[in-house]
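K.L.:
Quick one: the structure is below, and I'll ask about it shortly.
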Amino acid sequence: MTSPLADIRVLDLTNVLAGPFACHQLAHLGAEVIKVETPGRGDLARNLGASPDLSAQGMGISFLAQNAGKKSITLNLKHPSGKEALKRLVKTADVLVENFRPGVMARLDLSYDALRETNPALIYCAISGFGQDGPMAAQPAYDQIIQGASGVMSITGHDTPTRVGYPLSDTIGGLTAAMAITAALNANPRGTFIDVSMLEATLATMGWVVSNHLIGGATPQAHGNENPTSAPSGTFQALDAPLNIAANKDEQWQALASLLGRSDLLADARFATREDRKANRHALLAELETVLTSQTAAHWVAALNAKGIPAGPVLTVPQILSHPQIADRGLVASFDPPSLDQSIDVVTTGFRMDDTRPSVATPPPALGEHTHDILRDLGYAEADIQRMTEEGAI
């Protein structure tokens, strides 16, 4: 059961990351995802990424990362014929996803209220930075803006607010949308409007931090690489590299002290209880590193885990991608897009079903690659398609 959405058609009107990532999940679950893009430009992500050459071809790495398995049609939604073509598509669709600013689709006369007249069973998912209403709803929002507004940056790093090193809020927003859409597909009867706020989706994942404030009255702080809930739990320096240790239980702390030959610390009043160790975590770190820096990180990871003390290496992205834990489980898929002169490797999804990784069969599409075929399937004659091309509707 790796294609549970095999009979579902999704219209992807989204750009950059949150929306495309949501539809990326749906495509890997078997949905037919038709990406509706602006003629001549397409998704902004087509021009983003680490390869200027690919960006210049409209196949930027940022686009390639989450658009495999989709089809691409170009429609000018400001042109009457473009709108009509979208409405024909909506009649055939189960889901529409968009991440325009609130109000844009209404101004195009393509709001949920307008489109449900065409398809009452349509699941319409709007992803925005702050939600469809409220005092911040109309403000522009990229991941960086949401990371700052949500408080994420205030609890990351050390002395100054620090951005998480990848588009956290965009990705969380996309996952939240995919979850809501799959839930709505299970409803009977179908037909609903889903309002995904990246700000709220991010806050919803900050459960412990938010609850410590709401319930415990604690003001969330940045703790760097230290785990504020326990000690010793964080990042420690070994001889050659850092490693993570999470001795969160008393018995793990006792085993750690014994393994390092520092049983004297167990009798130290500064480290007697979990709360004592948390209050004196920096002194504890210094004491433990007197021993940890005598051996390599790999040595300690193996020794600690053998004693039931959770520990792990701090790896780079290339290191973990080449590690057998990832390389041998099929997380990365390879494609040969006909529009490019190179093969590409992209990440798929973070789960298996019945021991099989969900996958898609086709590479990320060139801009408008499927426009003609989709319009023909919708009943447009060749003369109609030619006219729409000449008028700039497609």
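The values are calculated or read from the model by the stated rules, or taken from the named source; none is laboratory data. Please read these numbers as outputs of a predicted model, since none were measured by experiment. FYI the Cβ positions are ideal-geometry reconstructions off the backbone, even for glycines, and counts take in every protein chain you see. For accessibility, only protein heavy atoms count, side chains too; no ligands or nucleic acids. Shrake-Rupley method; radii C 1.70, N 1.55, O 1.52, S 1.80 Å.
K.L.:
Looking at (1) within 30 Å of Asp345 (Cβ to Cβ); (2) part of a helix (DSSP H, G or I), which is the only condition Leu315 fails?
P.N.:
Of everything listed in (1) within 30 Å of Asp345 (Cβ to Cβ); (2) part of a helix (DSSP H, G or I), Leu315 misses just condition (2).
K.L.:
Further question: Please verify whether Leu108 is surrounded by 15 or more Cβ atoms within 10 Å (Cβ to Cβ) and either without any contact (Cβ under 8 Å) to a residue 40 or more places away in the chain or of a type in the set (D, E, K, R) (or both), treating the condition exactly as stated.
P.N.:
Criteria met by Leu108.
K.L.:
Before we move on, is Thr38 of a type in the set (Ser, Thr, Tyr), at negative phi and open to solvent by less than 10 Å² (accessible area, probe 1.4 Å)?
P.N.:
Numbers: of a type in the set (Ser, Thr, Tyr): yes; at negative phi: yes; open to solvent by less than 10 Å² (accessible area, probe 1.4 Å): no.
No.
K.L.:
Of the residues in region 84-106, how many are in contact with an Asp or Glu (Cβ under 7 Å, 6 or more places away or on another chain) and either in a strand (DSSP E or B) or β-branched (Val, Ile, Thr) (or both)?
P.N.:
So the first thing to find is which residues in region 84-106 are in contact with an Asp or Glu (Cβ under 7 Å, 6 or more places away or on another chain), and the list is 97, 105.
Imposing the further condition that a residue be either in a strand (DSSP E or B) or β-branched (Val, Ile, Thr) (or both) reduces the set to 97.
Total meeting the criteria: 1.
K.L.:
Within region 325-347, how many residues are assigned to a loop (DSSP other than H, G, I, E, B) and either in contact with a Lys or Arg (Cβ under 6 Å, 6 or more places away or on another chain) or more than 24 Å from Ile172 (Cα to Cα) (or both)?
P.N.:
Keep residues of region 325-347 that are assigned to a loop (DSSP other than H, G, I, E, B), which gives 328-331, 336-343.
Within this subset, residues satisfying the condition of being either in contact with a Lys or Arg (Cβ under 6 Å, 6 or more places away or on another chain) or more than 24 Å from Ile172 (Cα to Cα) (or both) are 328, 330, 336-343.
Count: 10.
K.L.:
Before we move on, is Gly58 small (Gly, Ala, Ser), within 21 Å of the chain's Cα centre (by Cα) and at positive phi?
P.N.:
Criteria not met by Gly58.
Rundown of residues vs (1) of a type in the set (Lys, Arg); (2) surrounded by 18 or more Cβ atoms within 10 Å (Cβ to Cβ), yes/no style:
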{"site": "Thr171", "(1), (2)": "no, yes"}
{"site": "Ala180", "(1), (2)": "no, yes"}
{"site": "Arg190", "(1), (2)": "yes, no"}
{"site": "Val210", "(1), (2)": "no, no"}
{"site": "His213", "(1), (2)": "no, no"}
{"site": "Pro220", "(1), (2)": "no, no"}
{"site": "Asn225", "(1), (2)": "no, no"}
{"site": "Ala238", "(1), (2)": "no, yes"}
{"site": "Gln252", "(1), (2)": "no, yes"}
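K.L.:
Taking Asp109 as meeting all but one of (1) assigned to a helix (DSSP H, G or I); (2) over 29 Å from the mean Cα position of the chain (by Cα); (3) farther than 18 Å from Gly392 by Cα; (4) charged (D, E, K, R), write down the number of the exception.
P.N.:
(1)
K.L.:
Next up: In this structure, does Gly165 turn out to be in contact (Cβ under 8 Å) with a residue 24 or more places away in the chain, among the small types (Gly, Ala, Ser) and either within 26 Å of Gly312 (Cβ to Cβ) or open to solvent by less than 40 Å² (accessible area, probe 1.4 Å) (or both)?
P.N.:
Numbers: in contact (Cβ under 8 Å) with a residue 24 or more places away in the chain: no; among the small types (Gly, Ala, Ser): yes; either within 26 Å of Gly312 (Cβ to Cβ) or open to solvent by less than 40 Å² (accessible area, probe 1.4 Å) (or both): yes.
The answer is no for Gly165.
K.L.:
Within region 350-369, restricting attention to residues that are among the aliphatic types (A, V, I, L, M) and open to solvent by less than 60 Å² (accessible area, probe 1.4 Å), which residue is farthest from Ala393 (Cα to Cα)?
P.N.:
Narrowing region 350-369 to residues among the aliphatic types (A, V, I, L, M): 353, 360-361, 366-367.
Add one more test, that the residue is open to solvent by less than 60 Å² (accessible area, probe 1.4 Å), and what stays is 353, 360, 366.
Details: Met353: 41, Val360: 30, Ala366: 18 Å.
Going through the qualifying residues, I end up with Met353.
K.L.:
Scan region 374-383 residue by residue and report those that are open to solvent by 30 Å² or more (accessible area, probe 1.4 Å) and within 20 Å of Ala93 (Cβ to Cβ).
P.N.:
Applying the first criterion (open to solvent by 30 Å² or more (accessible area, probe 1.4 Å)) to region 374-383 yields 376-379, 381-383.
Arg376, Asp377, Leu378, Gly379 - these are the residues of region 374-383 that are open to solvent by 30 Å² or more (accessible area, probe 1.4 Å) and within 20 Å of Ala93 (Cβ to Cβ).
K.L.:
What number goes with the only condition from (1) open to solvent by 30 Å² or more (accessible area, probe 1.4 Å); (2) within 30 Å of Asp354 (Cα to Cα) that Thr273 does not pass?
P.N.:
All conditions pass for Thr273, except number (2).
K.L.:
Residue check: is Thr296 open to solvent by less than 60 Å² (accessible area, probe 1.4 Å) and either of a type in the set (Gly, Ala, Ser) or within 25 Å of Gln147 (Cα to Cα) (or both)?
P.N.:
Numbers: open to solvent by less than 60 Å² (accessible area, probe 1.4 Å): yes; either of a type in the set (Gly, Ala, Ser) or within 25 Å of Gln147 (Cα to Cα) (or both): no.
Spelling it out, it is not the case that Thr296 is open to solvent by less than 60 Å² (accessible area, probe 1.4 Å) and either of a type in the set (Gly, Ala, Ser) or within 25 Å of Gln147 (Cα to Cα) (or both).
K.L.:
Would you confirm, using the coordinates I've provided, whether Thr356 is more than 26 Å from Ser62 (Cβ to Cβ) and not small (Gly, Ala, Ser)? Steps first, answer last, please.
P.N.:
Numbers: more than 26 Å from Ser62 (Cβ to Cβ): yes; not small (Gly, Ala, Ser): yes.
It is true that Thr356 is more than 26 Å from Ser62 (Cβ to Cβ) and not small (Gly, Ala, Ser).
K.L.:
Follow-up. How many residues does region 149-186 contain that are over 17 Å from the mean Cα position of the chain (by Cα) and under 20 Å from Glu32 (Cβ atoms)? Can you show your working first?
P.N.:
Just the residues of region 149-186 that are over 17 Å from the mean Cα position of the chain (by Cα), to begin with: 149, 151, 153-162, 183-186.
Retained after the next criterion (residues that are under 20 Å from Glu32 (Cβ atoms)): 183-186.
Result for region 149-186: 4.
K.L.:
Does Glu289 satisfy the criteria of being open to solvent by less than 60 Å² (accessible area, probe 1.4 Å) and among the acidic types (Asp, Glu)?
P.N.:
Working: open to solvent by less than 60 Å² (accessible area, probe 1.4 Å): yes; among the acidic types (Asp, Glu): yes.
So Glu289 passes the test.
K.L.:
For a quick check of your reading of the model, give me the residue pairs whose first member lies in region 5-29 and is over 21 Å from Gly191 (Cα atoms), whose second is of a type in the set (D, E, K, R), with beta-carbon atoms closer than 6 Å and at least 6 apart or on different chains.
P.N.:
Hits for this filter: Asn15/Asp43; Leu17/Asp170; Ala18/Asp170.
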